[in-house]
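Any read-out appearing in this document is the output of simple, stated calculations on the displayed coordinates, not a laboratory observation. Note that the structure is a prediction, hence the values are computed from the model and not measured. Using ideal geometry, Cβ is built from the backbone for each residue, glycine included, and neighbour counts are taken over all protein chains shown.
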Amino acid sequence: MLERLLATAKTPWKMNNLQLTTELDLQVAIKNGDIFLCKRDVCLCSSHNKIRIASIDRFGLDFSSYICKNCGLVFTSPYICENSLPFYYNKYYHPLHFGTNKPIKSLFSKGQGLKIFNFAKEYLNSSYIKIFEMGAGCGTNLLEFAKVAKKYGIKADCCGTEYNADYVQYGNKKGLKITTDSIEEYVSKTIDKFDLIILSHIFEHLTNPTGTLNLFKKISHENTLLYIEVPGIMNLKTQYVYDCDFLKYLTHAHTFNFSLSSLRATLNYCGFELVQGNEKIESIFRMNRHINKTPSTQVKNVNYKEILSYLTELEANLAFYQSKNPANSVYNRLKRKIRFFIEKLTGEI
Ligand SMILES: [Zn+2]
């Protein structure tokens with residue numbers, strides 16, 4: 001099974017000096033009560049029936065992961081409480097996850113906005129659309145989306161929210177209507193109804209995803225589309241950014257980890273139906289007032305066994321899957337070592 005993830009206290013990868021210092025600082029902040037932790041005993045589907053599948057995250061921090069035996073949702077407990085998140089994301093998240101204090105111009109990889117447009121375009125049937133992105137970073141996704149939409153004769157009016165004030169300023173200069181408002185504040189102020197709401201690598205960070213989905217209804221009309229992208233748990237065998245390793249995938253910043261099926265169950269419960277999706281996960285949902293909103297504890301869902309057997313097989317054959325990772329070639333390993341050495345010499349890390 002997943003003994004390594006339950007028994008080890010060792011990080012599965014090499015952290016640089018900044019990451020090690022930030023990790024210690026974060027532990028102190030938690031101990032001193034500057035950052036509060038919350039415990040989750042009940043799954044979003046209301047089931048208490050869960051199994052612990054990992055006792056630490058990728059940094060070796062004491063954040064366990066559980067899988068719900070009813071719906072297959074994997075959740076982190078404890079997790080950082082909502083009111084500690086702005087402080088956490090402004091101070092600890094970036095140096096710890098990216099190993100640098102330098103501002104990251106593009107929070108998302110180039111081509112992300114284009115990809116979202118291509119995924120959503122067949123469902124966009126107007127020459128003028130209003131888009132809202134939660135966690136918009138400096139607006140890279142929105143700018144790319146608007147640029148390619150224009151080529152298809154669609155004018156995209158772009159709005160969004162983002163915690164980081166520097167990113168918001170950058171986005172505003174580019175003509176985007178991004179604010180530092182929380183989603184609650186934003187929804188209470190705006191009268192806009194959006195055609196497309198984008199959550200690109202945001203949904204897995206939410207502490208109360210069902211609450212957020214309900215807020216989206218206030219800025220939606222009956223044909224609003226919801227694009228949700230998260231790193232899918234059933235895609236790890238070819239997920240080289242994590243070197244196929246479930247432990248490298250786990251982070252305390254991800255409050256939930258989804259398969260397409262557990263994501264769909266969560267969305268269904270809030271009145272959204274799946275339009276299109278895959279296990280990577282790139283997905284589109286839309287509101288459906290007639291959808292069966294039965295709590296998923298009452299819906300037959302065997303997803304948990306499928307996920308657990310996927311993770312067990314992955315763990316048993318981890319070396320095989322990792323051998324397919326191009327980053328593990330001798331050439332790339334050597335290149336990484338040299339880069340690490342140069343960065344250390346120049347004091348960048
Ligand atoms: Zn559940």
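Taking Cβ-Cβ under 4.7 Å as the only way to count a partner, pick out the unpartnered cysteines of the chain.
By the Cβ distance rule, which asks for a partner under 4.7 Å, the isolated cysteines are C138, C158, C159, C244, C270.
Quick one: among K102, K217, K69, which has the greatest mean-square fluctuation in a GNM of the chain with alpha-carbon springs under 10 angstrom?
Result for the chain, Cα springs under 10 Å: K102 fluctuates most.
With an 8 Å cut-off on Cα pairs and a minimum separation of 6 or more residues, tell me the relative contact order of the chain in percent. Mind showing how you got there, number by number?
Values: 608 pairs, mean separation 62.3, N = 349.
Once divided by the residue count of the chain, the mean separation gives 18 percent.
Taking only C-alpha pairs under 8 Å that are 6+ residues apart, what is the relative contact order of the stretch 112-298 in percent?
Values: 330 pairs, mean separation 32.2, N = 187.
Reported as a whole number, the value is 17 percent.
Taking θ as phi - 60°, what are the ³J(HN,Hα) couplings along the stretch 198-208 by the Karplus curve (6.51, -1.76, 1.60), each to the nearest whole Hz, with x for Gly and Pro?
So the J values, rounded to whole Hz, are 10, 10, 9, 6, 10, 4, 6, 8, 6, 7, 9.
Test of understanding: what is the full-extension gain from E343 to I51, defined as 0.36 nm times their sequence separation minus their Cα-Cα distance?
Length gained between E343 and I51: 101.0 nm.
Would you calculate the separation in nanometres between label points at L20 and K150, each defined as 7 Å from the Cα along the Cα-to-beta-carbon direction?
4.8
With point charges of +1 on the Cβ of Lys and Arg and -1 on the Cβ of Asp and Glu, referenced to the Cα centre of the stretch 112-298, which listed residue (C244, S182, S127) lies farthest in the positive direction of the dipole?
Of C244, S182, S127, it is S127.
Which percent of Cα-Cα pairs in the chain sits in each 20 Å bin, short to long?
P(r) over the chain, rounded to whole percents: 28, 60, 12, 0.
In a Gaussian network model over the chain where Cα atoms closer than 10 Å are linked, find which of K337, K193, K155 has the largest mean-square fluctuation.
For the chain, modelled as a Gaussian network with Cα springs under 10 Å, the answer is K337.
What is the spin-label model distance, in nm, from N317 to K110 if the labels are put 7 Å beyond Cα along the C-beta direction?
About 3.6 nm, to one decimal.
Taking only DSSP H segments of four or more residues, each worth -39500 (n - 2.57), what value at 222 nm results for the chain once the sum is divided by all its residues, to the nearest 500 deg cm²/dmol?
Details: 14 runs with 124 residues, N = 349.
That calculation yields -10000 deg cm²/dmol at 222 nm.
What ³J(HN,Hα) values, in whole Hz, does the Karplus curve 6.51 cos²θ - 1.76 cosθ + 1.60 give for the stretch 54-66 when θ = phi - 60°, with x put for Gly and Pro?
7, 9, 9, 9, 4, 8, x, 7, 6, 10, 7, 10, 10
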